[in-house]
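Some notes on the structure that comes next.
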Amino acid sequence: MHRPFDESVRPHPTGDVPGPWYEGGEPDPAKVDPAVLGALLDRHGWRRRGGAAGRYTRWTPPGHAAGGTSLLVPESRSFPDCEDLLGEALTALARSAAPSAREVLVGLTVPSDEIRWWRDVPQGPSGVAAWTVQEQLRAAARQMLMAAALAARARAGYYGARHRRQAQASLEGVLVGPAPGGRSLTAFVPVQTGRAVVVRLYHALQAAREAADYQRATGGMEAFDAAVEAGVSRELTEAIIALVRGAEGARIALEWSPAAGVPQGCAPRNEPVEFSPGDLPALRGAGARYLQDEPSVPVRITGTVVRMRRSGPRGEGSVRLRVLAGAEVPHVRVALDEDSYRTAGHAHLVGLPIRVVGRLESRGGFRRLTDASNVVPVQVDESERDRLMKSLQENLDFFEEACQGE
């Protein structure tokens, strides 16, 4: 099993380690569409070598020499022995040592859109990539998936800490499988939970490519401003930069699940989107532009106090809130005057969250609230209050020290 490259992205399954996607081993032949199986075999490089016209086709794995093992796939479920042939084909795929066989089985088990990344890097001994090269590929792929998930949630030139919990949740169930050599990587994104992410990535990559071309041709950055609506952001430009840095070039290709069909507004077949080191200045400039131009956001946040700090026993201080409502960030730091700081401390001591009005600053990743005012305790139900009080008791020494000053 390959090590997962994010908490919300699972490693490619193996036949020895069944998981939630792979319960019971092979897919059920009774639920497999022969047309979908044929489309997946063709996508993953299997070669069609004839068969009985109108009844079944014969498929051999990539690079397979004539005379070896092959798969018989019925043309449709109307063929009398369809289920038997499908069962034999699925068993042969499960036993095959070809990496493409495992990818076909994943696509059959759960309808998935596929994202593939390639990096053009020098080969190491025996044609494999160095460990650091593989780690760079995984990190860049993780960043790109997160950027697409953020853009599927909302459009912004820069997200910082915003929307990350929801974006990570939308990536749960994604599987990854590296190709031999370590210079490419494939993600299988379930259509049911992740198609919006892949569709957004499709549009964002096209827009980023066009904007980079425009900047290189004219020197203007206006195309990157318009590309935000397509899903381009600082997070995406940083992901592309990470993918290209240290390589001669990089490509990203998207393939739609044959079981689910092509989403509206997308091309049935997509050429890989390519980026080269020559695109890096434009991408870096766009990222800096997004960071600078994203405005602060007026908010009214409800949160629980998890940290308090001030330089003495009196005067203004700062608190850290775990956000319950009002902003798509997990925590914020708030500077408060003496009265508001005292209100926040008292609210925590009695097990209550507070509500505060201010502006969520883009500087620092939307983790800081400025111009804070109207700090008031908020009533909660008894069960939540009990939980907050238990948290206070577990950290009582810390809060006694914080309230007395450092």
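Of the residues making up segment 176-202, those that are open to solvent by less than 10 Å² (accessible area, probe 1.4 Å) and of a type in the set (A, V, I, L, M) are VAL176, LEU185, ALA187, VAL189, VAL197, VAL198, LEU201.
Residues in segment 240-258 that are surrounded by 15 or more Cβ atoms within 10 Å (Cβ to Cβ), part of a loop (DSSP other than H, G, I, E, B) and within 21 Å of the chain's Cα centre (by Cα): 2 in all. I'm trying to understand the selection: among the residues of segment 67-114, which are surrounded by 19 or more Cβ atoms within 10 Å (Cβ to Cβ), touching a strand residue (DSSP E or B) at 6+ places or on another chain (Cβ under 8 Å) and aliphatic (A, V, I, L, M)? Once the filter is applied, which keeps residues that are surrounded by 19 or more Cβ atoms within 10 Å (Cβ to Cβ), touching a strand residue (DSSP E or B) at 6+ places or on another chain (Cβ under 8 Å) and aliphatic (A, V, I, L, M), segment 67-114 yields LEU71, VAL73, LEU85, LEU86, ALA89, LEU93, VAL106, VAL110.
Here LEU236 meets the list (1) within 30 Å of LEU40 (Cα to Cα); (2) part of a helix (DSSP H, G or I); (3) open to solvent by 10 Å² or more (accessible area, probe 1.4 Å) almost entirely, failing just condition (3). Contact map, segment 249-276: residues that are closer than 22 Å to LEU37 by Cα paired with residues that are part of a strand (DSSP E or B) and open to solvent by 20 Å² or more (accessible area, probe 1.4 Å), Cβ distance under 6 Å, separation 6+ or inter-chain. Pairs shown: ALA253/ARG116. Out of ASP225, ASP213, one residue alone is over 28 Å from ARG359 (Cα atoms), in a helix (DSSP H, G or I) and either touching an Asp or Glu at 6+ places or on another chain (Cβ under 8 Å) or open to solvent by 30 Å² or more (accessible area, probe 1.4 Å) (or both). It is ASP213. One residue alone among GLY261, GLY220, GLY265 is open to solvent by 50 Å² or more (accessible area, probe 1.4 Å) and assigned to a loop (DSSP other than H, G, I, E, B), and that residue is GLY265. Put simply, of LEU137, LEU171, LEU145 the only residue that is over 11 Å from the mean Cα position of the chain (by Cα) and open to solvent by less than 10 Å² (accessible area, probe 1.4 Å) is LEU137. Counting only residues that are under 24 Å from the mean Cα position of the chain (by Cα), under 12 Å from THR304 (Cβ atoms) and surrounded by fewer than 19 Cβ atoms within 10 Å (Cβ to Cβ), segment 320-375 holds 5 of them.
The values are calculated or read from the model by the stated rules, or taken from the named source; none is laboratory data. Quick caveat, the model's predicted, so the values are computed rather than measured. Cβ: placed from backbone, ideal geometry, glycine included. Neighbour counts: every protein chain shown. Keep in mind that these areas ignore ligands, DNA and RNA; they rest on the heavy atoms of the full protein, side chains included. Shrake-Rupley method; radii C 1.70, N 1.55, O 1.52, S 1.80 Å.
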